Amino acid sequence: MSPGPVILTGPSGVGKGTVVSALAALHPEVWVSVSATTRPPRPGERPGRSYHFCSEAEFDRLIAQDQLLEWATVHGQARYGTPAQPVQQALAEGRVVLLELDLAGARSAKARLPQAQSIFLAPPSWEELVRRLSGRGTESPDQQARRLETARAELARADQFDVVLVNQEVDETVAALVKCLGLTCGPTGQDQK
Ligand code: 5GP
């Protein structure tokens, strides 16, 4: 059986995006899935790079045509899903494949690809999660409150995942992730921690 993807999940605000960007900069050979979403782009987000931004009708079509490996409504607001074909192709090419998903998506992806390794990114503390989520300024106070409510329930489920990493310092988390992904050398050949 070919190795499955690595699924990175964790509550909103824990720093999944920052960790994935740092990992991708250090290891450009890692193939990071680009999700489809019905949420509108934020300033600076590029279609096809950050997400494939879709209308509700386009997303319905992706589901109807069974083109998504998994999908979920996140924070009761927008739908997000992983296009299946590019993931299957990258796995067939022997690439290291990384999916960054919410918890519901992580569970469905693991059910569909049991050989996947699931990693839960946890905050050092609840207070730190609240601080990070309110500090990034991308959500309204109402959205922050909703995301924190979801996060509380999600933290209680950390033990359902194969590995739990506490995201204290981004560099340390990336080094731990590199080990989980089986990447022992950087692109220039130097050993990672
Ligand atoms: P944001 O709107 O902040 O970019 O992402 C919100 C949440 O959606 C994050 O927790 C992120 O992990 C999750 N997410 C992003 N892409 C996908 C996807 O393809 N499927 C699922 N289930 N969740 C996703």
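For the range 16-110, run through the trypsin sites (Lys or Arg not before Pro) and keep only the ones in DSSP coil with at most 11 other Cβ atoms within 10 Å of their Cβ. Please list the in-between numbers first.
Values: sites: Lys16, Arg49, Arg61, Arg79, Arg95, Arg107, Lys110; in loops: Arg49, Arg95.
Here the sparse-neighbourhood loop sites are Arg49.
Say a site is exposed when it is one of the GluC sites (Glu not before Pro), sits in a DSSP loop, and has at most 15 other Cβ atoms within 10 Å; what is then the longest site-free stretch of the chain? Walk me through the numbers on the way to the answer.
On the way: sites that count: Glu29, Glu45, Glu93, Glu169.
Within the chain, the longest run free of exposed GluC sites (Glu not before Pro) spans 94-168.
Rounded to the nearest 5, what % of the DSSP beta bridges within the chain are antiparallel ones? Write out the running numbers ahead of the final one.
Values: 9 of 25 bridges.
Percent antiparallel among DSSP bridges in the chain is about 35.
Could you pull out every residue, at least 5 positions away or on a different chain, whose amide H is within less than 5 Å of the one on Val164? Hs are placed 1.01 Å off N in the peptide plane, and Pro or chain starts have none.
Long-range HN contacts for Val164: Phe120.
Under 1.5 on a/c is rounded, so check that first for the range 54-128, then, if it is not, pick prolate when a/b is larger than b/c and oblate when it is not; a ≥ b ≥ c are the square roots of the alpha carbon gyration tensor eigenvalues. Spell out each step's value before the answer.
Working: a/c = 2.33, a/b = 1.16, b/c = 2.01.
Here the range 54-128 falls in the oblate category.
What's the local net charge at Val96, with K and R +1, D and E -1, over the other residues with C-beta under 13 Å away? Numbers along the way, then the final one.
On the way: positive: Arg95, Lys179; negative: Glu29, Glu93.
Net charge around Val96: 0.
Using 0.36 nm per residue, how much length does the chain from Ala24 to Arg136 gain when fully extended, once their Cα-Cα distance is taken away? Mind showing how you got there, number by number?
Values: separation 112, 0.36 × 112 = 40.32 nm, distance 2.09 nm.
My answer for the length gained is 38.2 nm.
Taking springs between alpha-carbon atoms closer than 10 angstrom, which of Thr18, Thr38, Thr82 fluctuates most in the Gaussian network model of the chain?
With Cα springs under 10 Å in the chain, the top fluctuation among Thr18, Thr38, Thr82 is at Thr18.
Just the Cα atoms of the range 11-106, one point each, no solvent: what log10 I(q)/I(0) does Debye give at q = 0.10 Å⁻¹?
-0.26
Would you calculate a helix-derived [θ] at 222 nm for the chain, using -39,500 (n - 2.57) for each DSSP H run of n ≥ 4 and dividing by the full residue count, to the nearest 500? Walk me through the numbers on the way to the answer.
Values: 7 runs with 75 residues, N = 193.
Value at 222 nm, helices only, nearest 500: -11500 deg cm²/dmol.
For a quick check: with amide H placed at 1.01 Å from N, whose amide H comes under 5 Å from Glu70's, ignoring anything fewer than 5 positions away on the same chain?
Under 5 Å from the amide H of Glu70: Thr82.
Report the calculated FRET efficiency for Ala92 and Gln65 (r = Cβ-Cβ distance, R0 = 22 Å), to the nearest 0.05.
Values: r = 20 Å, r/R0 = 0.92.
Here the calculated transfer efficiency is 0.60.
For the range 68-83, just list the computed ³J(HN,Hα) in residue order, Karplus coefficients 6.51, -1.76 and 1.60, θ = phi - 60°, integers in Hz, with x standing in for Gly and Pro.
10, 5, 7, 8, 7, 8, 9, 6, x, 10, 9, 9, 10, x, 9, x
If you plug each phi of the range 120-135 into the Karplus form 6.51 cos²θ - 1.76 cosθ + 1.60 with θ = phi - 60°, what whole-Hz ³J(HN,Hα) values come out, in order, with x for Gly and Pro?
Ordered by residue, 3J(HN,Hα) equals 9, 8, 10, x, x, 7, 4, 4, 5, 5, 4, 5, 5, 5, 6, x Hz.
Give the share of C-alpha pairs in each 5 angstrom bin for the range 1-66, from 0 to the last occupied bin, in whole percents, shortest bins first.
3, 14, 17, 23, 20, 15, 7, 1, 0
So what's the range 6-192 giving for Cα Rg divided by 2.2 N^0.38 Å, two decimals?
It is 1.00.
Quick note: the coordinates plus some simple rules give every number you see, no bench work behind them. All figures in this text were calculated on a predicted structure; none of them were measured in a lab. Backbone-built Cβ (ideal geometry, glycine too); neighbour counts: all protein chains shown.
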